[in-house]
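As structure tokens, the structure follows; a few thoughts come after it.
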Amino acid sequence: MPPIEIVAALIRDQKGRMLLVRKRGTAAFMQPGGKRDAGEDDHAALARELDEELGCRVIAGSQRHLGDFLCVAANEPDRHVKAAVYAVEVTGAIEPAAEIEEILWIDPARPDARPLAPLTRDHILPLTRG
């Protein structure tokens, strides 16, 4: 079965903390983002997902591609995700919306014991430390 293709955001605040989200009915915290709609490029998909899920807007020109990563999917058994990950800056209040039940700001150097999605744990956290 082919991997689920997604775009994901690394959003940091002025303190260097990283924003994570938890979808309704799940346990793992992960990067905000999601699947592309038909005809969308990465930037359009990420802007739409962040607006729908968090109510914030991507600041034009702030997207910086960090890489493409393949890993085990957090919420779909026996599936993998292929994630195009971008560091982005956002404007506006960040509030959980749509399927997002909870948001969390963590210090990437000292993540707490909450469950993290494989993409976040194995790929994004090491990026923030390097």
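A short reminder: the numbers here are calculations on the coordinates, not readings from a lab. Please read all numbers here as calculations on a predicted model, not as lab measurements. Every residue, glycine among them, receives a Cβ derived from its backbone with ideal geometry; neighbour counts consider all protein chains shown.
Observations on the model:
- Residue in the stretch 80-98 that is touching a Phe, Trp or Tyr at 6+ places or on another chain (Cβ under 9 Å), without any contact (Cβ under 8 Å) to a residue 60 or more places away in the chain and closer than 21 Å to ARG129 by Cβ present: no
- Residue list for the stretch 63-74, filter: in contact (Cβ under 8 Å) with a residue 24 or more places away in the chain and either exposed (fewer than 14 other Cβ atoms within 10 Å of the Cβ) or among the acidic types (Asp, Glu) (or both): ARG64, GLY67, LEU70
- Candidate set from the stretch 104-118 (those that are buried (at least 17 other Cβ atoms within 10 Å of the Cβ) and hydrophobic (A, V, I, L, M, F, W, C)); member that is nearest to the chain's Cα centre (by Cα): ALA117
- Residue selected from the stretch 6-25 under the condition part of a loop (DSSP other than H, G, I, E, B) and of a type in the set (Gly, Ala, Ser), by the criterion nearest to PRO96 (Cα to Cα): GLY25
- Within the stretch 37-58, not a single residue is surrounded by fewer than 21 Cβ atoms within 10 Å (Cβ to Cβ), of a type in the set (Val, Ile, Thr) and closer than 24 Å to GLU102 by Cα.
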